[in-house]
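Enquirer: Okay, here's the structure, questions in a sec.
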Amino acid sequence: MKIAINGCGIGGPTLAWWLRRYGHEPVLLEKSPCLRKGGHVIDFWGTGYEIAQKMGLFPHLLDDAYIMERMRSVTASGRTTSSLDVRRFQELTQGRYLSIARSDLSRHIYQACEGMETRFGTSIVGIKDEGDKVHVQLSDDSQEDFDLVVGADGLHSKVRALTFGPQSDFEHHTGFYVAAFDLQGYQPRDELTYVSHTVPGRQISRVALRDDHTLILLVFSKRFVSREPENEAAQKSLLRQVYDDMGWETGAILARMDHAENFYFDRVSQIRMPEWTKGRVALLGDAAACASLLAGEGTGLAMTEAYILAGELQRAAGDHRIAFPAYQARLQDYLVRRQDQALKFAGFFAPKNWFSLFVRDVMTNAASIAFLSKLLLGSSFSTDFELPAYHDESSELHPEMKST
Ligand SMILES: Cc1cc2nc3c(=O)[nH]c(=O)nc-3n(C[C@H](O)[C@H](O)[C@H](O)COP(=O)(O)OP(=O)(O)OC[C@H]3O[C@@H](n4cnc5c(N)ncnc54)[C@H](O)[C@@H]3O)c2cc1C
């Protein structure tokens with residue numbers, strides 16, 4: 001089948017990889033002129049980790065991955081108030097946990113799709129499901145027919161808007177905004193350590209990466225936002241305003257923001273939809289069921305959805321009328337649980353008041369103690385979802401996977 005995938009972030013190329021493996025002809029369409037960079041470091045474990053192994057990504061992924069050691073929270077004057085030994089996460093996941101820049105993960109998945117048809121700078125602008133095929137209008141004014149169309153185009157999905165209705169019907173704002181950018185040559189550096197400074201409703205953090213890069217992440221409450229900024233200049237100006245009196249290194253970091261690479265800014269929202277598919281059109285990843293950065297595993301969830309969607313199509317011999325409902329039935333409860341859990345985690349990023357911040361620091365310190373870490377963090381890392389096997393893995397292992 002010829003399948004259009006709108007969006008080449010994380011879920012899109014993962015789906016394309018599996019569809020090609022099952023003998024289909026995926027076509028990746030990406031609005032940006034090239035693979036998008038930017039975003040923060042992501043923690044990678046659970047089913048996403050397992051799928052990356054199945055895809056044979058590991059030897060390459062490990063070149064860019066980090067095994068982080070510590071998470072440190074500091075006051076305005078730089079004094080440490082809490083510290084967490086994040087090697088505990090390794091124990092909680094039996095060593096199947098790593099950290100990697102979002103852009104590096106996206107690049108590795110895409111590189112595994114080598115030779116696949118990808119049209120950068122092109123996106124779907126019109127969809128007409130004609131029953132036996134989908135007639136698609138593209139941004140380059142061309143028109144084309146596909147057997148299926150998949151929206152893997154993120155939180156602000158165009159495929160969702162064209163097929164299911166406006167974003168406002170499905171978006172649940174968590175009450176936070178996020179910004180991320182990359183500084184070259186920033187000092188100080190604390191290797192393998194997340195360093196953050198939090199006051200009620202606002203957090204700023206930095207993590208030092210290879211080649212003298214430092215990734216900055218800012219998460220703040222919407223109570224500081226009277227009107228949502230519409231462009232990058234307005235977003236940066238809002239950040240300066242919101243973080244004006246934060247102390248610590250905030251002034252130095254924001255002074256360099258204009259020269260930062262790969263600026264990212266968005267609402268922290270969840271997408272909750274009763275149906276992820278309609279006729280021959282399906283949604284995937286953030287487009288279908290964004291759990292937000294509060295879940296800490298948006299990339300892994302998008303990869304899981306991609307794996308299941310491709311697998312159910314394979315199992316149903318390409319019949320989307322069987323595969324699409326099966327895809328949603330397998331995943332929906334699990335994703336709703338992840339979304340609900342994510343909302344409980346909001347206080348970790350930006351606690352509402354000083355008391356909540358104090359409690360967070362006490363809990364963080366406690367989580368460094370072995371038996372308490374399991375008690376406090378165990379549920380965040382429990383994998384209550386088992387990946388189905390859609391093919392005989394023992395005989396069909398990707399050659400590179402055998403070495404992991
Ligand atoms: C540049 C960038 C930085 C990010 N940084 C962070 C971060 O710091 N923290 C965090 O929690 N989450 C971040 N995210 C979101 C995170 O990547 C997703 O939650 C997760 O990876 C789910 O993957 P996805 O494939 O569903 O969506 P995404 O990874 O968001 O990928 C969607 C892709 O679709 C493309 N696209 C969008 N609209 C269209 C269109 N109309 N037509 C064609 N293509 C389209 C986008 O350019 C993107 O490549 C970021 C996303 C991007 C794109």
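Every number in this text was worked out from the coordinates using simple rules, so none of it is lab data. As the structure is a computational prediction, the values presented were derived from the model and not from experiment. Cβ sites come from the backbone with ideal geometry, for glycine too, and all protein chains shown count toward neighbours.
Enquirer: Taking the chain as a Gaussian network, Cα atoms linked when under 10 Å apart, which of Val136, Val178, Val362 shows the biggest mean-square fluctuation?
Expert: Its mean-square fluctuation being the largest, the pick is Val362.
Enquirer: Let me test this: with uniform point scatterers at the alpha carbons of the stretch 176-281, what is the Debye-based log₁₀ I(q)/I(0) at q = 0.10, 0.22, 0.24 1/Å?
Expert: -0.34, -1.20, -1.41
Enquirer: Tell me the mean residue ellipticity at 222 nm calculated for the chain from its helices only (DSSP H runs of n ≥ 4, each -39500 (n - 2.57), averaged over every residue, nearest 500). Display every interim value, and only then the final one.
Expert: On the way: 15 runs with 148 residues, N = 404.
Result for the chain, helices only: -10500 deg cm²/dmol.
Enquirer: Further question on the same structure: Among Glu25, Glu305, Glu114, rank each residue by its count of other Cβ atoms within 10 Å, from fewest to most, as a rough exposure measure.
Expert: Arranged by neighbour count, lowest to highest, Glu25, Glu305, Glu114 become Glu114, Glu25, Glu305.
Enquirer: What is the local net charge at Leu35, summed over the other residues whose Cβ is closer than 12 Å to its Cβ (Lys, Arg +1; Asp, Glu -1)?
Expert: Numbers: positive: Lys31, Arg36, Lys37, Arg102, Arg107; negative: Glu30, Asp104.
Around Leu35, the charge tally is +3.
Enquirer: Taking the chain as a Gaussian network, where each spring joins two C-alpha atoms under 10 Å apart, which residue of Cys34, Cys290, Cys113 fluctuates the most?
Expert: Cys34
Enquirer: How much FRET efficiency would the formula 1/(1 + (r/R0)^6) give for Ser77 and Ser168, where r is the Cβ-Cβ distance and R0 is 56 Å, rounded to 0.05? Walk me through the numbers before you get to the answer.
Expert: Values: r = 43 Å, r/R0 = 0.76.
According to the calculation, E is roughly 0.85.
Enquirer: With angles folded into 0 to 90 degrees, how steeply does helix 298-315 sit against the dominant principal axis of the chain? Use alpha carbons for both and round to 10.
Expert: Orientation of helix 298-315: about 20 degrees from the principal axis.
Enquirer: Rounding to the nearest 20 debye, state how big the charge dipole of the chain is about its Cα centre with +1 on each Lys and Arg Cβ and -1 on each Asp and Glu Cβ.
Expert: Numbers: 44 positive and 52 negative charges, 244 e Å.
Dipole magnitude for the chain comes out near 1180 debye.
Enquirer: At 7 Å along the Cα-to-beta-carbon direction for both Arg96 and Ala316, put a label point, then send me their distance in nm to one decimal.
Expert: Taking the two extended label points, one gets 2.7 nm.
Enquirer: For Ala260, what is the net charge nearby, where nearby means another residue's Cβ is under 10 Å from its Cβ and Lys, Arg count +1, Asp, Glu -1?
Expert: Values: positive: Lys236, Arg256; negative: Asp182, Asp258, Glu261.
Local charge sum for Ala260: -1.
Enquirer: Would you mind checking the radius of gyration and Dmax of the chain based on alpha-carbon positions, in Å?
Expert: When restricted to Cα atoms, the chain yields Rg and Dmax of 21.1, 65 Å.
Enquirer: Using every alpha carbon pair in the stretch 290-358, what percent of pairs falls into each 5 Å bin from 0 up to the bin containing the largest distance?
Expert: Distribution as computed: 4, 17, 20, 16, 13, 10, 7, 5, 4, 3, 2, 0 percent.
Enquirer: Something else: Enter the Cα centre distance for the pair the stretch 8-64 and the stretch 159-231, rounded to the nearest angstrom.
Expert: Centre-to-centre distance over Cα atoms comes out at 22 Å.
Enquirer: Ranked from highest to lowest mean number of other Cβ atoms within 10 Å per residue, what is the order of the peptides 282-289, 257-264, 85-92? Mind showing how you got there, number by number?
Expert: Working: 282-289: 30.1, 257-264: 15.1, 85-92: 18.4.
Ranking the peptides 282-289, 257-264, 85-92 by packing returns 282-289, 85-92, 257-264.
Enquirer: Tell me the net charge near Asp169. Cut-off is 15 Å between Cβ atoms, Asp169 excluded, with +1 for each Lys or Arg and -1 for each Asp or Glu.
Expert: Working: positive: Lys158, Arg160, Arg272, Lys278; negative: Glu171, Glu275.
Result for the neighbourhood of Asp169: +2.
Enquirer: Compute the convex hull volume of the Cα atoms of the stretch 1-128, divide it by the residue count, and report the result per residue in Å³ as a whole number. Please list the in-between numbers first.
Expert: Numbers: hull volume 19.3 nm³, N = 128.
Here the figure is 150 Å³ per residue.
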